[in-house]
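Okay, so here's the structure we're looking at.
The values are calculated or read from the model by the stated rules, or taken from the named source; none is laboratory data. These numbers come from a predicted model, not from an experiment. Note that each Cβ is placed from the backbone with ideal geometry, even for glycine, and that neighbours are counted across all protein chains shown. We work out accessible area using only protein heavy atoms, side chains counted, and drop any ligands, DNA or RNA first. Shrake-Rupley method; radii C 1.70, N 1.55, O 1.52, S 1.80 Å.
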Amino acid sequence: MPRVVPAVIRALDVLELFLDCPQLSARQVMERLDLPRTTVHELLVTLEARAYLISIPGQPVQYRLGMPLFQLGAAFAGRLDLVREAQGVARDMAAACDEAVHVAVLDGADVIYLVKFDSTHPVRMVSGVGLRLPAHCTAVGKVLLSALGQADLDAVLLKGPLPGMTPDSITDPDLLREHLNRVRVEGVAVDIGESDTAMRCVAAGIRDHTGTIIAGMSLSAPIIRWTPQVQVEWTGLVREGAAVLSTRMGYRAQPR
(Lines give C-alpha, C1' and ligand atoms only; values in the text may rest on other atoms or scores of the structure.)
Protein backbone atom coordinates (compact mmCIF):
# COMPACT_ATOMS: atom_id res chain seq x y z
CA MET A 1 0.00 0.00 0.00
CA PRO A 2 1.40 3.47 -0.86
CA ARG A 3 2.71 5.41 2.13
CA VAL A 4 0.78 8.45 3.33
CA VAL A 5 2.79 11.64 3.71
CA PRO A 6 2.79 12.82 7.36
CA ALA A 7 3.43 16.46 6.46
CA VAL A 8 0.36 16.51 4.19
CA ILE A 9 -1.74 14.88 6.89
CA ARG A 10 -0.67 17.55 9.38
CA ALA A 11 -1.42 20.34 6.91
CA LEU A 12 -4.92 18.92 6.37
CA ASP A 13 -5.37 18.63 10.13
CA VAL A 14 -4.60 22.34 10.40
CA LEU A 15 -7.12 23.27 7.72
CA GLU A 16 -9.83 21.09 9.25
CA LEU A 17 -9.54 22.99 12.54
CA PHE A 18 -11.14 25.95 10.74
CA LEU A 19 -14.33 23.96 10.16
CA ASP A 20 -15.25 24.79 13.75
CA CYS A 21 -13.42 28.10 14.27
CA PRO A 22 -13.36 31.01 11.80
CA GLN A 23 -10.03 32.30 13.15
CA LEU A 24 -7.17 30.69 15.05
CA SER A 25 -3.77 31.76 16.31
CA ALA A 26 -0.59 29.71 15.97
CA ARG A 27 -0.75 28.88 19.67
CA GLN A 28 -4.32 27.62 19.37
CA VAL A 29 -3.33 25.41 16.44
CA MET A 30 -0.36 24.10 18.40
CA GLU A 31 -2.49 23.30 21.46
CA ARG A 32 -5.34 21.67 19.54
CA LEU A 33 -3.10 19.44 17.43
CA ASP A 34 -0.44 18.90 20.09
CA LEU A 35 2.32 19.74 17.64
CA PRO A 36 5.69 21.44 18.25
CA ARG A 37 5.87 25.20 17.78
CA THR A 38 8.36 24.90 14.90
CA THR A 39 6.17 22.41 13.02
CA VAL A 40 3.09 24.59 13.38
CA HIS A 41 5.01 27.66 12.25
CA GLU A 42 6.27 25.87 9.11
CA LEU A 43 2.78 24.56 8.30
CA LEU A 44 1.17 27.98 8.71
CA VAL A 45 3.84 29.74 6.66
CA THR A 46 3.47 27.18 3.86
CA LEU A 47 -0.32 27.34 3.80
CA GLU A 48 -0.21 31.14 3.85
CA ALA A 49 2.30 31.17 0.99
CA ARG A 50 -0.19 29.24 -1.14
CA ALA A 51 -3.06 31.48 0.10
CA TYR A 52 -4.89 28.56 1.72
CA LEU A 53 -4.64 30.60 4.91
CA ILE A 54 -4.69 34.37 5.32
CA SER A 55 -2.99 36.03 8.29
CA ILE A 56 -4.73 38.82 10.17
CA PRO A 57 -2.30 41.20 11.92
CA GLY A 58 -2.69 41.53 15.65
CA GLN A 59 -1.43 40.29 18.98
CA PRO A 60 -1.43 37.42 18.42
CA VAL A 61 -1.63 37.02 14.65
CA GLN A 62 -4.81 35.18 13.65
CA TYR A 63 -5.37 33.01 10.60
CA ARG A 64 -8.48 32.36 8.52
CA LEU A 65 -9.24 30.27 5.44
CA GLY A 66 -8.25 31.66 2.06
CA MET A 67 -9.94 31.83 -1.33
CA PRO A 68 -8.42 28.67 -2.87
CA LEU A 69 -10.41 26.56 -0.41
CA PHE A 70 -13.62 28.26 -1.48
CA GLN A 71 -12.68 27.66 -5.11
CA LEU A 72 -12.05 23.97 -4.46
CA GLY A 73 -15.34 23.66 -2.61
CA ALA A 74 -17.20 25.47 -5.36
CA ALA A 75 -15.62 23.24 -7.99
CA PHE A 76 -16.69 20.16 -6.05
CA ALA A 77 -20.23 21.44 -5.54
CA GLY A 78 -20.49 22.48 -9.17
CA ARG A 79 -19.79 18.92 -10.28
CA LEU A 80 -22.16 17.37 -7.78
CA ASP A 81 -25.51 17.15 -9.51
CA LEU A 82 -27.23 16.36 -6.23
CA VAL A 83 -26.43 19.78 -4.79
CA ARG A 84 -27.47 21.64 -7.90
CA GLU A 85 -30.76 19.79 -8.25
CA ALA A 86 -31.49 19.80 -4.52
CA GLN A 87 -31.28 23.56 -4.26
CA GLY A 88 -34.30 24.10 -6.48
CA VAL A 89 -36.44 21.42 -4.85
CA ALA A 90 -35.50 22.50 -1.32
CA ARG A 91 -36.21 26.14 -2.17
CA ASP A 92 -39.71 25.25 -3.38
CA MET A 93 -40.37 23.14 -0.29
CA ALA A 94 -39.23 25.89 2.07
CA ALA A 95 -41.45 28.38 0.26
CA ALA A 96 -44.43 26.04 0.55
CA CYS A 97 -44.19 25.51 4.31
CA ASP A 98 -42.01 28.45 5.46
CA GLU A 99 -39.86 26.11 7.54
CA ALA A 100 -36.25 24.97 7.27
CA VAL A 101 -35.49 22.37 4.61
CA HIS A 102 -32.21 20.44 4.44
CA VAL A 103 -30.58 17.92 2.15
CA ALA A 104 -27.85 15.80 3.70
CA VAL A 105 -25.63 12.81 2.99
CA LEU A 106 -24.16 10.13 5.23
CA ASP A 107 -20.45 10.24 6.05
CA GLY A 108 -19.55 7.34 8.32
CA ALA A 109 -21.63 7.71 11.47
CA ASP A 110 -22.49 11.35 10.75
CA VAL A 111 -24.63 13.35 8.38
CA ILE A 112 -23.30 16.38 6.54
CA TYR A 113 -25.74 19.03 5.35
CA LEU A 114 -25.24 19.98 1.70
CA VAL A 115 -28.22 22.29 1.15
CA LYS A 116 -30.32 24.46 3.46
CA PHE A 117 -33.18 26.87 2.93
CA ASP A 118 -34.42 28.61 6.04
CA SER A 119 -37.81 29.85 7.16
CA THR A 120 -38.70 33.51 7.51
CA HIS A 121 -39.88 33.08 11.12
CA PRO A 122 -37.84 34.81 13.84
CA VAL A 123 -37.75 31.52 15.79
CA ARG A 124 -36.12 28.90 13.60
CA MET A 125 -33.54 26.13 13.47
CA VAL A 126 -29.87 27.05 13.86
CA SER A 127 -27.93 25.07 11.25
CA GLY A 128 -25.98 25.53 8.06
CA VAL A 129 -24.39 23.95 5.01
CA GLY A 130 -21.41 21.85 6.05
CA LEU A 131 -22.78 21.10 9.52
CA ARG A 132 -21.94 17.60 10.74
CA LEU A 133 -24.15 15.80 13.28
CA PRO A 134 -24.42 12.23 14.59
CA ALA A 135 -26.70 10.48 12.12
CA HIS A 136 -28.68 8.53 14.72
CA CYS A 137 -29.78 11.78 16.41
CA THR A 138 -31.40 13.28 13.32
CA ALA A 139 -34.38 12.36 11.15
CA VAL A 140 -32.40 12.65 7.94
CA GLY A 141 -29.60 10.57 9.44
CA LYS A 142 -31.98 7.82 10.53
CA VAL A 143 -33.41 7.62 7.02
CA LEU A 144 -29.90 7.19 5.65
CA LEU A 145 -28.90 4.63 8.29
CA SER A 146 -32.05 2.64 7.58
CA ALA A 147 -30.93 2.26 3.96
CA LEU A 148 -27.58 0.66 4.87
CA GLY A 149 -26.95 -3.03 4.45
CA GLN A 150 -26.40 -5.10 7.58
CA ALA A 151 -22.60 -5.06 7.36
CA ASP A 152 -22.42 -1.31 6.81
CA LEU A 153 -24.86 -0.63 9.64
CA ASP A 154 -22.86 -2.89 11.95
CA ALA A 155 -19.72 -0.94 11.06
CA VAL A 156 -21.42 2.23 12.30
CA LEU A 157 -23.14 0.84 15.40
CA LEU A 158 -20.33 -1.37 16.65
CA LYS A 159 -17.72 1.37 16.84
CA GLY A 160 -18.64 2.11 20.45
CA PRO A 161 -21.29 3.87 22.57
CA LEU A 162 -23.59 6.10 20.56
CA PRO A 163 -23.31 9.75 21.64
CA GLY A 164 -26.46 11.53 22.71
CA MET A 165 -27.27 15.13 21.87
CA THR A 166 -30.33 15.37 24.15
CA PRO A 167 -31.96 13.14 26.77
CA ASP A 168 -34.26 11.88 23.99
CA SER A 169 -31.44 10.69 21.71
CA ILE A 170 -31.43 6.96 21.01
CA THR A 171 -28.05 5.77 22.31
CA ASP A 172 -28.74 2.04 22.67
CA PRO A 173 -27.70 0.26 19.42
CA ASP A 174 -30.38 -2.43 19.81
CA LEU A 175 -33.14 0.15 20.30
CA LEU A 176 -31.82 2.06 17.31
CA ARG A 177 -31.94 -1.07 15.15
CA GLU A 178 -35.60 -1.57 16.09
CA HIS A 179 -36.31 2.06 15.33
CA LEU A 180 -34.59 1.84 11.95
CA ASN A 181 -36.69 -1.19 11.06
CA ARG A 182 -39.80 0.98 11.47
CA VAL A 183 -38.22 3.78 9.44
CA ARG A 184 -37.45 1.28 6.68
CA VAL A 185 -41.08 0.18 6.55
CA GLU A 186 -42.62 3.65 6.81
CA GLY A 187 -40.17 5.35 4.45
CA VAL A 188 -39.82 8.40 6.70
CA ALA A 189 -38.10 9.21 9.98
CA VAL A 190 -39.00 11.72 12.66
CA ASP A 191 -36.69 13.49 15.10
CA ILE A 192 -38.67 14.22 18.26
CA GLY A 193 -36.21 16.37 20.16
CA GLU A 194 -33.34 13.94 19.60
CA SER A 195 -30.90 16.51 18.22
CA ASP A 196 -32.45 19.63 19.79
CA THR A 197 -35.13 19.53 22.46
CA ALA A 198 -36.84 22.58 20.98
CA MET A 199 -37.03 21.23 17.42
CA ARG A 200 -38.96 18.59 15.50
CA CYS A 201 -38.06 17.15 12.11
CA VAL A 202 -39.31 14.71 9.47
CA ALA A 203 -37.19 13.26 6.65
CA ALA A 204 -37.39 11.00 3.60
CA GLY A 205 -34.78 9.37 1.39
CA ILE A 206 -33.56 10.49 -2.04
CA ARG A 207 -32.81 7.74 -4.56
CA ASP A 208 -30.57 7.69 -7.62
CA HIS A 209 -31.10 5.92 -10.95
CA THR A 210 -30.27 2.55 -9.37
CA GLY A 211 -32.87 2.97 -6.63
CA THR A 212 -30.20 3.43 -3.97
CA ILE A 213 -30.86 6.02 -1.26
CA ILE A 214 -28.00 8.48 -1.68
CA ALA A 215 -29.21 11.39 0.45
CA GLY A 216 -32.04 12.55 2.65
CA MET A 217 -34.35 15.55 2.66
CA SER A 218 -35.77 16.92 5.89
CA LEU A 219 -38.17 19.58 7.09
CA SER A 220 -37.51 21.08 10.53
CA ALA A 221 -39.55 23.39 12.75
CA PRO A 222 -39.62 24.54 16.38
CA ILE A 223 -41.88 22.59 18.70
CA ILE A 224 -44.13 25.65 19.06
CA ARG A 225 -45.21 25.25 15.41
CA TRP A 226 -45.22 21.45 15.32
CA THR A 227 -48.74 20.07 15.76
CA PRO A 228 -50.16 16.63 14.85
CA GLN A 229 -51.98 18.24 11.94
CA VAL A 230 -48.93 19.93 10.44
CA GLN A 231 -46.82 16.82 11.02
CA VAL A 232 -49.12 14.92 8.69
CA GLU A 233 -49.03 17.76 6.17
CA TRP A 234 -45.26 18.20 6.33
CA THR A 235 -44.62 14.46 6.15
CA GLY A 236 -46.50 14.44 2.85
CA LEU A 237 -44.55 17.47 1.68
CA VAL A 238 -41.21 15.81 2.50
CA ARG A 239 -42.25 12.61 0.74
CA GLU A 240 -43.22 14.64 -2.32
CA GLY A 241 -40.03 16.72 -2.30
CA ALA A 242 -37.82 13.64 -1.94
CA ALA A 243 -39.72 11.95 -4.78
CA VAL A 244 -39.26 14.97 -7.06
CA LEU A 245 -35.54 15.14 -6.32
CA SER A 246 -35.20 11.37 -6.78
CA THR A 247 -36.75 11.73 -10.24
CA ARG A 248 -34.27 14.46 -11.10
CA MET A 249 -31.48 12.12 -9.98
CA GLY A 250 -32.71 9.52 -12.47
CA TYR A 251 -34.89 7.34 -10.26
CA ARG A 252 -37.97 5.80 -11.79
CA ALA A 253 -40.47 4.28 -9.38
CA GLN A 254 -41.69 0.83 -10.32
CA PRO A 255 -45.43 0.64 -11.00
CA ARG A 256 -47.34 -1.24 -8.34
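Key figures
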item	result
Computed helical MRE - 222 nm, the chain, DSSP H runs ≥ 4 contributing -39500 (n - 2.57), nearest 500	-14000 deg cm²/dmol
Assigned charges on the beta-carbon of Lys, Arg, Asp, Glu; the range 202-256 dipole about Cα centre (debye)	120
Packing-based ranking, highest mean first, of 50-59, 230-239 given that Cβ atoms within 10 Å are counted	230-239, 50-59
Surface accessible to a 1.4 Å probe, per residue, for the residues of the range 80-249, Å²	46
The range 160-234 and the range 39-78: distance between their alpha carbon centers, rounded to Å	37
Lys/Arg +1, Asp/Glu -1 at C-beta; the range 6-77 dipole; positive extreme among ALA49, PHE70, MET30	ALA49
Dipole moment magnitude, nearest 20 debye, the chain about Cα centre, only Lys, Arg, Asp, Glu C-beta charged	540
Accessible area of the chain belonging to carbon and sulfur atoms, whole % at 1.4 Å probe	57
Span-rule helices in the chain, defined as complete DSSP H runs reaching 15 Å or more along the axis (Cα) with Kyte mean at least 0.0	6-17, 37-49, 67-79, 81-97
Kirkwood hydrodynamic radius (C-alpha pairs) into Stokes-Einstein, the range 1-90, 4 °C and 1.567 mPa s, D in µm²/s	88
Ranking by accessible area, most exposed first, for MET217, MET30 with a 1.4 Å probe	MET30, MET217
Relative contact order, percent, the chain [alpha-carbon distance under 8 Å, six or more residues apart]	14
Correct choice for log10 I(q)/I(0) by the Debye sum over Cα atoms at q = 0.09, 0.12 Å⁻¹ that was computed from the model, options (1) -0.49, -0.82; (2) -0.45, -0.72; (3) -0.57, -0.79	(1)
Among ALA94, ALA147, ALA75: highest mean-square fluctuation, GNM of the chain, C-alpha pairs under 10 Å	ALA75
